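Colleague: Before I ask anything, here is the structure I am working with.
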Amino acid sequence: MKPASALVDPALIERLCAIPVAEMSDTLAAAGLPDQVLASGFIRIGSGRPFAGPVVCLGGEASPEPGLQIGDIDRAICAGHIVVVGPGNGCMAALVGGNMVTSWRRRGAAGVLVDGFVRDLSSFDGLPGLARGTTPINCRGRWRFVSTSLPLTLPGQIEPVTVRPGDWLHGDNDGTVVLPAEKLVSLIEDVEEVGGIERRMRALIEAGEDRQSVYETHDRFGHVRRAD
């Protein structure tokens, strides 16, 4: 079997990063997947550029006991993947810090999302990141890593969102969505068509046409394939 890192298609990342997340959110809803949007409580850290990539899930729990070995955690990171860490379970200390991020970047991580707090923000410089907040407090003796291959449930804007290893994240300054791996290609194809329709509609509105008539004469989502 090829290593997971070999499965990351740069062309898919490029296509996704060119798509506004707002259009992807609308397309997900039209496909019957309305609750894939992460909570706006996640703040952007590091790079503010659009990002996309498959997920590596690093799960943990609040506990004073030791967790996974550092090597076991870091070996789970694949080049081109976005590292998702959580849940914080109410831990007010930083789940991720500078040495972790430095190691993960060297292994090719394309981004980090933490359902909890982080520290050492300079280590994220240029790397897309999301977190619940920042604190200088170390989580040692408060929280531990316990898994590298199990799904994680993250806070959503409407409902909690489950992200599985291999699912994709797609984010920009509007927010972040979780894309099921098995629907990735069809969603990209459908949202690109949505984007073309949106641009034609906006051009007509800018040219002075009535917005209601433009909406009535353009079916933006009729082509979107249902996920069920």
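Colleague: In region 146-163, which residue that is in contact with a Pro (Cβ under 8 Å, 6 or more places away or on another chain) and more than 18 Å from GLY116 (Cβ to Cβ) is surrounded by the most Cβ atoms within 10 Å (Cβ to Cβ)?
Modeller: SER149
Colleague: Of the residues THR134, THR153, THR102, which is more than 20 Å from GLY46 (Cβ to Cβ) and of a type in the set (Val, Ile, Thr)?
Modeller: Residue meeting the stated conditions: THR153.
Colleague: Name the pairs whose Cβ atoms lie under 8 Å apart, with the first residue in region 200-225 and over 19 Å from LEU28 (Cβ atoms), the second open to solvent by 100 Å² or more (accessible area, probe 1.4 Å), and 6 or more positions between them or separate chains?
Modeller: ILE205/ARG211; HIS218/ARG200
Colleague: Ok, one more. May I ask you to verify whether ALA207 is at pLDDT 95 or above, of a type outside the set (Asp, Glu), open to solvent by 30 Å² or more (accessible area, probe 1.4 Å) and within 24 Å of GLY59 (Cα to Cα)?
Modeller: In short, no.
Colleague: In this structure, is GLU192 touching a residue at least 40 places away in the same chain (Cβ under 8 Å), surrounded by fewer than 19 Cβ atoms within 10 Å (Cβ to Cβ) and within 20 Å of ALA30 (Cα to Cα)?
Modeller: The answer is yes for GLU192.
Colleague: Counting only residues that are part of a helix (DSSP H, G or I) and in contact (Cβ under 8 Å) with a residue 24 or more places away in the chain, which one in region 164-184 is least open to solvent (accessible area, probe 1.4 Å)?
Modeller: LEU184
Colleague: Starting from residues that are in contact with a Phe, Trp or Tyr (Cβ under 9 Å, 6 or more places away or on another chain) and open to solvent by less than 10 Å² (accessible area, probe 1.4 Å), keep the ones in region 99-126 and report whichever is nearest to ASN138 (Cα to Cα).
Modeller: The qualifying residue nearest to ASN138 (Cα to Cα) is VAL118.
Colleague: A further question on this structure: Is it true that some residue in region 112-130 is assigned to a loop (DSSP other than H, G, I, E, B), within 20 Å of ARG75 (Cα to Cα) and of a type outside the set (Lys, Arg)?
Modeller: So far as region 112-130 goes, yes, one or more of its residues are assigned to a loop (DSSP other than H, G, I, E, B), within 20 Å of ARG75 (Cα to Cα) and of a type outside the set (Lys, Arg).
Colleague: Hey, among ILE73, ILE19, ILE45, which residue is in a helix (DSSP H, G or I), touching a residue at least 40 places away in the same chain (Cβ under 8 Å) and open to solvent by less than 50 Å² (accessible area, probe 1.4 Å)?
Modeller: Of ILE73, ILE19, ILE45, the one residue that is in a helix (DSSP H, G or I), touching a residue at least 40 places away in the same chain (Cβ under 8 Å) and open to solvent by less than 50 Å² (accessible area, probe 1.4 Å) is ILE73.
The values are calculated or read from the model by the stated rules, or taken from the named source; none is laboratory data. In this text, all values refer to a predicted model and were calculated from it rather than measured experimentally. We place every Cβ from the backbone using ideal geometry, glycine too, and count neighbours over all the protein chains shown. The area values use the complete protein model at the heavy-atom level, side chains included, leaving out ligands, DNA and RNA. Shrake-Rupley method; radii C 1.70, N 1.55, O 1.52, S 1.80 Å.
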